[in-house]
Amino acid sequence: MGRRRLAREIALQTLYVADVSRTPAEEAFAIVTRREGGEADAETLAFARDLALGALGRIEELDATIQARAENWAMNRMAAVDRNVLRLAAFELTSRPETPLGVVIDEAIEIVRKYSTEEATRFVNGVLDALKAVREEPKPKKAKAKKPAPPPEPEP
């Protein structure tokens, strides 16, 4: 498993612990990294920490963003794993412009596939498709064709 994927999984687990047990963010991260951190290097743990604590610090804003796009689904009705994958992806979409949009979505789908159900994969993909409008990839600018210079005016 790649280091970034491992970091995202650690971040998801932190969000999950904080969500279901109402554990403070730092404590949730410490619990998860005591168990899962053994295979992660310092850089991976730093990335996981930034994602987890960043998302937990903006949870109300992220929930509002998700809720606005998850038609007919209240946040508290979503499975805890699915809800937290969406929070993590929404945080990365809004706070990490250097991570390509496709990478954020693909990683979220692979993680939900690992930790949830096939139906959840479709659900999360649909919500993330709506969330991508939060940060659309900049389109490459087309080179403008130069207009040829007008012919010189004839002399009288």
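The values are calculated or read from the model by the stated rules, or taken from the named source; none is laboratory data. Quantities reported herein were computed from a predicted structural model and do not represent experimental measurements. Quick reminder, even Gly has a Cβ in these numbers, built from the backbone with ideal geometry, and neighbours come from all protein chains shown.
Observations on the structure shown:
- Selection status of Arg113, surrounded by 12 or more Cβ atoms within 10 Å (Cβ to Cβ), closer than 16 Å to Leu6 by Cα and in contact (Cβ under 8 Å) with a residue 12 or more places away in the chain: no
- Evaluated against (1) at pLDDT 90 or above; (2) more than 20 Å from Val20 (Cβ to Cβ), Glu60 falls short on exactly one condition, (2).
Yes/no matrix, rows are residues, columns are (1) aromatic (Phe, Trp, Tyr); (2) in contact with a Ser or Thr (Cβ under 7 Å, 6 or more places away or on another chain); (3) loosely packed, with under 14 Cβ neighbours inside 10 Å; (4) in a helix (DSSP H, G or I):
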{"position": "Leu6", "(1), (2), (3), (4)": "no, yes, no, yes"}
{"position": "Arg35", "(1), (2), (3), (4)": "no, no, yes, yes"}
{"position": "Phe47", "(1), (2), (3), (4)": "yes, no, no, yes"}
{"position": "Ala52", "(1), (2), (3), (4)": "no, yes, no, yes"}
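- Any chance Ala11 is within 15 Å of the chain's Cα centre (by Cα), within 20 Å of Glu107 (Cβ to Cβ), assigned to a helix (DSSP H, G or I) and among the small types (Gly, Ala, Ser): yes
- Of note, Phe91 satisfies the criterion of being surrounded by 17 or more Cβ atoms within 10 Å (Cβ to Cβ), part of a helix (DSSP H, G or I), out of contact with any strand residue (DSSP E or B) (no Cβ under 9 Å at 6 or more places or on another chain) and at pLDDT 95 or above.
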